[in-house]
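Visitor: Take this structure, written in structure tokens, and hold onto it; I'll ask about it next.
Read-outs throughout are calculated quantities, based only on the coordinates presented, and are distinct from any laboratory measurement. In this text, all values refer to a predicted model and were calculated from it rather than measured experimentally. Here the Cβ positions follow ideal geometry from the backbone for every residue, glycine too, while neighbour counts run over all protein chains shown.
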Amino acid sequence: MTKKILKALAGEKQKIPPIWMMRQAGRYLPEYRETRAQAGDFLSLCYNSELAAEVTLQPIRRYGFDAAILFADILLLPQALGADLWFVTGEGPRLSTVQTKLDFANLRKPEEINETLAPVYETVKILSKELPRETTLIGFAGAPWTVATYMVAGRGTPDQAPAHLLKNDNPELFDNLMNLLVEGTIEYLSHQINAGAEVIKIFDSWAGSLKGNDFDKYALEPCKKIISALKGKHPNIPIIAFPRQAGDRYIGFAKQAGADCVALDESVSAEWISQNIQVDGCVQGNLASSHMVSGGSVLIDETKRVVKALSNGPHIFNLGHGITPEADPKNVQIMIDTIRNAE
Ligand code: CP3
């Protein structure tokens with residue numbers, strides 16, 4: 001039996017597409033909130049392999065998604081590279097910043113990350129034993145640009161201005177940081193694959209703020225380097241790239257980067273995706289995550305529209321971005337029933 005997600009990634013069109021959701025283990029689920037409280041806080045949960053595996057499994061038990069995504073965070077890599085990291089409740093992540101040559105010199109080497117990240121690899125090992133046979137295990141990392149935006153600013157920023165400034169004012173330092181992140185990401189993902197991850201997803205949440213040559217240099221090129229290194233070591237590993245908000249740069253991205261699938265956010269329509277992206281192979285997306293909050297007949301109609309528009313080629317059903325804490329768990333079930341019970 002080939003798993004549904006792996007079939008889609010191999011280019012197979014399926015009558016009922018496989019389904020999973022970004023942030024499917026998260027605060028909208030009461031069982032997640034309970035386990036997080038048991039762990040103490042978010043980062044303690046990420047580094048507690050047993051509990052991280054437990055929250056990864058929760059949405060699989062509740063909904064029977066076709067994929068489980070490792071419970072961790074893209075900011076664990078900067079932490080393993082030596083940045084301080086903490087989360088302010090209700091506000092988001094905070095990190096020590098990398099803005100000078102000295103800040104950069106204080107970071108660790110790519111091969112030194114594994115001691116800090118060992119519990120994450122252990123979570124992957126537990127999951128590969130405990131997941132149902134039909135469920136695919138997805139490992140992930142942030143793309144270098146997105147991770148760099150947090151490392152430079154020390155927090156999330158609406159326009160990624162601090163990272164744009166550093167890349168323009170001190171390109172040598174910024175390129176050094178990007179190269180370190182490329183190498184660190186290869187190391188991190190390679191260990192996840194060795195531990196049992198069956199698919200890798202690369203999250204470039206802020207790719208949309210890169211235009212023109214910058215997009216090629218800081219979104220496409222790093223992604224290409226990571227994918228080529230991973231496929232060199234693990235020839236059969238399927239890879240999903242997510243250059244969020246890339247707009248017309250979504251066109252040809254998977255091919256150029258060497259990815260098996262491109263994930264798309266909801267700023268592009270499913271009909272446009274079908275015509276411009278799915279012609280090249282598997283796509284993932286792209287129901288607006290706001291429907292998980294608002295529900296109703298619009299949720300059903302929009303779910304059907306996405307499935308129909310992408311029914312002519314390989315498709316993995318997902319949201320355009322992560323499900324939010326305000327989402328109603330009942331709406332997730334309605335979405336799944338709409339997809340799986342479609343006549
Ligand atoms: O998708 C999953 O279910 C797997 C786990 C996962 C998390 N973060 C858990 C998480 C994944 C794949 C991520 C990726 C991630 N983390 C991204 C890229 C995708 C995206 O959403 O754009 C980014 C930018 C981050 C960084 C990050 N982590 C931010 C900005 C925040 C705070 C915002 C928020 O939603 O609270 C986090 C925290 C975070 N990561 C939570 C979870 C479940 C919420 C923490 C909590 O439980 O309090």
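Visitor: If you put +1 on each Lys and Arg Cβ and -1 on each Asp and Glu Cβ, how big is the dipole of the chain around its Cα centre, in Debye rounded to 20?
Guide: The dipole of the chain has a size of about 740 debye.
Visitor: Taking the Cα centre of the range 71-232 as the origin, how large is its charge dipole in debye, to the nearest 20, when only Lys and Arg (+1) and Asp and Glu (-1) carry charge on their Cβ atoms?
Guide: Here the range 71-232 has a charge dipole of around 200 debye.
Visitor: How much FRET efficiency would the formula 1/(1 + (r/R0)^6) give for residue 115 and residue 248, where r is the Cβ-Cβ distance and R0 is 41 Å, rounded to 0.05?
Guide: E between residue 115 and residue 248, to the nearest 0.05, is 0.45.
Visitor: Which order results if 321, 234 are arranged by neighbouring Cβ count within 10 Å, fewest first?
Guide: Ordered by Cβ neighbours within 10 Å, fewest first: 234, 321.
Visitor: Choose one of 325, 145, 64: the residue whose Cα lies farthest towards the positive end of the charge dipole of the chain (beta-carbon charges +1 Lys, Arg; -1 Asp, Glu; about the Cα centre).
Guide: Looking along the dipole axis, the top candidate is 64.
Visitor: Of 116, 181, 51, which is farthest towards the positive pole of the chain's charge dipole, taken about the Cα centre with +1 and -1 on the beta-carbons of Lys, Arg and Asp, Glu respectively?
Guide: Value: 51.
Visitor: Continuing with this model, one more query. Residues with beta-carbon under 11 Å from that of residue 18, excluding residue 18: net charge, scoring Lys, Arg +1 and Asp, Glu -1?
Guide: Here the count lands on +1.
Visitor: Using the Karplus equation 6.51 cos²θ - 1.76 cosθ + 1.60 (θ = phi - 60°), what ³J(HN,Hα) coupling, rounded to whole Hz, does each residue of the range 161-169 give in order, writing x for Gly and Pro?
Guide: So the J values, rounded to whole Hz, are 4, x, 5, 4, 4, 5, 5, 7, 7.
Visitor: Kirkwood hydrodynamic radius, the range 71-232, all distinct C-alpha pairs: what's the number in Å? Write out the running numbers ahead of the final one.
Guide: Working: mean 1/r = 0.0618 Å⁻¹.
Kirkwood hydrodynamic radius for the range 71-232: 16.2 Å.
Visitor: Per the chain: cysteines with no other Cys C-beta under 4.7 angstrom?
Guide: 46, 223
Visitor: Here's another thing I want to ask about it. Dipole of the range 102-157, Cα-centred, from +1 at each Lys and Arg C-beta and -1 at each Asp and Glu C-beta, to the nearest 20 debye? Show your work: numbers first, answer last.
Guide: Working: 6 positive and 7 negative charges, 20 e Å.
With Lys and Arg at +1 and Asp and Glu at -1, about 100 debye.
Visitor: For residue 316, list long-range residues whose amide hydrogen, built 1.01 Å from N in the peptide plane, is under 5 Å from its own amide hydrogen.
Guide: 283, 284, 285
Visitor: Right, here's the next one. Work the Kirkwood hydrodynamic radius out for the chain: mean of 1/r over every pair of different alpha-carbon atoms, inverted, in Å.
Guide: Result for the chain, one decimal place: 20.2 Å.
Visitor: Using modelled amide H (1.01 Å from N, peptide plane; none on Pro or chain starts), what sits under 5 Å from the amide H of residue 242, excluding residues fewer than 5 places away?
Guide: 202, 204, 263
Visitor: Only Cα pairs under 8 Å and at least 6 apart count here; give the relative contact order of the chain as a rounded whole percent.
Guide: Values: 634 pairs, mean separation 70.4, N = 343.
Dividing the mean separation by the residue count of the chain yields 21 percent.
Visitor: Still on this structure, please answer the following. Work out how much length residue 234 to residue 50 would gain on full extension: take 0.36 nm times their residue separation and subtract the Cα-Cα distance, in nm to one decimal.
Guide: Contour length minus the Cα-Cα distance gives 63.6 nm.
Visitor: Answer with one residue from 39, 9, 20: the one whose Cα lies farthest towards the positive end of the charge dipole of the range 1-49, charges on Cβ with Lys, Arg +1 and Asp, Glu -1.
Guide: Value computed over the given set: 9.
Visitor: Can you compute the FRET efficiency between residue 324 and residue 271 using 1/(1 + (r/R0)^6), with r the Cβ-Cβ distance and R0 = 25 Å? Round to the nearest 0.05.
Guide: My answer for the efficiency is 0.50.
Visitor: On to the next question. Want the number for residue 1 to residue 168: 0.36 nm per residue separation, take away the alpha-carbon distance, what's left? Display every interim value, and only then the final one.
Guide: Values: separation 167, 0.36 × 167 = 60.12 nm, distance 5.07 nm.
Taking residue 1 through residue 168 to full extension adds about 55.0 nm, to one decimal.
Visitor: Over its Cα atoms, what ratio of radius of gyration to 2.2 N^0.38 Å does the range 1-157 give?
Guide: On the way: Rg = 17.2 Å, N = 157, 2.2 N^0.38 = 15.0 Å.
Rounded to two decimals, the normalised Rg is 1.14.
Visitor: Let me ask something else about it. I need 268, 283, 199 ordered by Cβ neighbour count within 10 Å, fewest first.
Guide: Placing the least packed residue first, the sequence is 268, 199, 283.
Visitor: Identify the residues of the range 84-108 with backbone N under 14 Å of a label point that sits 7 angstrom from the Cα of residue 33 along the Cα-to-Cβ direction, or state none.
Guide: 90
Visitor: Based only on other Cβ atoms within 10 Å, what is the fewest-to-most ordering of 214, 73? Write out the running numbers ahead of the final one.
Guide: Values: 214 14, 73 19.
Listing 214, 73 from fewest to most nearby Cβ atoms yields 214, 73.
Visitor: Please determine, in degrees from 0 to 90 and to the nearest 10, the orientation of helix 171-195 with respect to the longest principal axis defined by the Cα atoms of the chain, where the helix direction is its Cα long axis.
Guide: Taking the Cα atoms of the chain, the angle to 171-195 is about 50 degrees.
Visitor: As I understand it, the value is the acute angle between the Cα axis of helix 30-39 and the longest principal axis of the Cα atoms of the chain; what does it come to in degrees, rounded to 10?
Guide: Result, in degrees: 30.
Visitor: Take the chain, connect every pair of alpha-carbon atoms lying under 10 Å apart with a spring to form a Gaussian network, then pick out the residue of 133, 36, 244 with the largest mean-square fluctuation.
Guide: Evaluated over the chain, the most mobile residue of the options is 133.
Visitor: Just to check I understand the Karplus step: with θ = phi - 60° and J = 6.51 cos²θ - 1.76 cosθ + 1.60, what whole-Hz values come out for the range 75-90, glycine and proline as x?
Guide: Result, rounded to whole Hz: 8, 5, 5, x, 5, 5, 7, x, 6, 6, 9, 8, 10, 9, 4, x.
Visitor: Then there's this: Going by amide H atoms built from the backbone, whose H comes under 5 Å of the H on residue 69, apart from near neighbours?
Guide: 138
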